[in-house]
1. Quick check on this structure: which one of VAL149, VAL142 is open to solvent by 20 Å² or more (accessible area, probe 1.4 Å), β-branched (Val, Ile, Thr) and over 19 Å from HIS187 (Cα atoms)?
2. Taking the condition of a type in the set (S, T, N, Q) and closer than 23 Å to ALA228 by Cβ, does GLN131 pass?
3. Answer yes or no as to whether SER254 is within 16 Å of the ligand (Cβ to nearest atom) and either open to solvent by 20 Å² or more (accessible area, probe 1.4 Å) or not assigned by TED's automatic domain parsing to the domain that holds LYS356 (or both).
4. Specify the residue that is farthest from ALA169 (Cα to Cα); the eligible residues are those in segment 209-255 that are touching a helix residue (DSSP H, G or I) at 6+ places or on another chain (Cβ under 8 Å) and aliphatic (A, V, I, L, M).
5. Regarding segment 231-238, can at least one residue be identified that is within 16 Å of the ligand (Cβ to nearest atom) and in a helix (DSSP H, G or I)?
6. Go through (1) modelled with pLDDT under 95; (2) open to solvent by less than 80 Å² (accessible area, probe 1.4 Å); (3) under 22 Å from ALA242 (Cβ atoms) one by one and return the number of the condition ALA9 breaks.
7. Of all residues in segment 322-361, which are open to solvent by 70 Å² or more (accessible area, probe 1.4 Å), at pLDDT 90 or above and within 21 Å of LEU238 (Cβ to Cβ)?
8. What's the number of the only condition in (1) buried (at least 19 other Cβ atoms within 10 Å of the Cβ); (2) away from the ligand (no atom under 16 Å from the Cβ); (3) within 26 Å of the chain's Cα centre (by Cα); (4) not β-branched (Val, Ile, Thr) that PRO319 fails to meet?
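The values are calculated or read from the model by the stated rules, or taken from the named source; none is laboratory data. This structure is a prediction, so every number in the text was calculated from the model and none was measured. In this analysis, Cβ positions are derived from the backbone assuming ideal geometry, glycine residues included, and neighbour counts consider all displayed protein chains. When the accessible area is computed, the model is the full protein with side chains, heavy atoms only, and any ligands, DNA or RNA have been set aside. Shrake-Rupley method; radii C 1.70, N 1.55, O 1.52, S 1.80 Å.
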Amino acid sequence: MPSVRQSKAVRSLPISVRALGREAGLPGQVPVRELLRRTGMFTKPVHIKVLRYTWGTVAPDARNHPIWPDAALNEILHAPNGWSLGDFWSDATLRLFELRFSVEPWRVLVNVSHKDARDDRGGVVDKCRHQAEQDGVSFEGVDRIVAMVHPPPVNAGAVGGNAVLDQGAFGLSFFQHELGHVLGFEHAFGPCGDYVYQDDYSVMGFSAVQTRAIAVPAAFTGVQVLEAATFWNSDRALSPAALYRYAGDFAASSSVIRVDLATRPRVRLAAFGQAGLHDPVLAVASTAQGEIMAEYRARFGQDGGVQPAVVVHSLRRRPVLRWHGEQDPVWYEGHMGVSSPVPSPGPSVSVDTVFKAELVSVTPDLRYVEVVLS
Ligand SMILES: [Zn+2]
């Protein structure tokens, strides 16, 4: 499928929808919306160089085990299996972002001691990059670096737009969350349980909540996974509220419905997991103190493991906590469960006395809800 990207030049050209449709293999009359959906227009590719290195000298307490075959790692990175990092983040951003991995062969971090280097996450990225330059690796066109080191343990996670990973992760959820940081998404905040970034409806909240089980792919048959008991679970999607906060293309799209609470608007929302860009997925109300947003989440796509709910988040309403230096983070404010048919009286969810969402209808297939906001 040819990919048509929107650039400033394209935006100002007289383009023919029919001609673009033909190029995309869609003959005849083509709705613009279908063309956008089929051609991946608006997609921003993010080029990630995966540097794979074994330690120069391995620590005595290393968790030695075989390196995953390339086919197994590829399954996690970008295989079209519905849950790989590529598929997850494409779906979770309504195809606004596309992870493109280029994976280097395994090499050795010359003169680097596992024991001395493993706690300093940024240092591990620097050491891998330095060694890669010695090894003749080109970084032309590379946006981000993932340093995959072996054997575990290492202080794995995101750092400065890059990330350190290893084969000791507790699960796919961990990789999905850390790649979210690599794409620029910060932690979602919430009701301050054990973790200040608690949002059960965002992969950028604390990991491994409302996950869905993944069948072990064939490429991992006979391959050792250290945390096999917890590894094969895929996390809930990003919240549309976070997409609004961090992705300008989404915030400017018709997926975002701006509402005036004084008019008690009745708003139709699509379940995010089955929505495309331009489907209505987020209602945004400006208040005297920040913005309050409503979205609908149900068991579709990357949200296959979530309890169906209308979820409310806020921006710039709560005091800023400095957990990892987040700027104006998304705050989870609450949710109301959704089931069909809607009970009477219907459920509602409120933020103090300034915002209330009431559920008025839900389609039997749970794909859409209608809420009244006030
Ligand atoms: Zn994090």
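1. Unique residue meeting the criteria: VAL142.
2. no
3. Against the criterion (within 16 Å of the ligand (Cβ to nearest atom) and either open to solvent by 20 Å² or more (accessible area, probe 1.4 Å) or not assigned by TED's automatic domain parsing to the domain that holds LYS356 (or both)), SER254 does not qualify.
4. So, considering only residues that are touching a helix residue (DSSP H, G or I) at 6+ places or on another chain (Cβ under 8 Å) and aliphatic (A, V, I, L, M), the one farthest from ALA169 (Cα to Cα) is ALA251.
5. No, that holds for no residue.
6. The single condition ALA9 does not satisfy is (3).
7. Of everything in segment 322-361, just one residue is open to solvent by 70 Å² or more (accessible area, probe 1.4 Å), at pLDDT 90 or above and within 21 Å of LEU238 (Cβ to Cβ), namely HIS335.
8. So PRO319 meets the others, but not (1).
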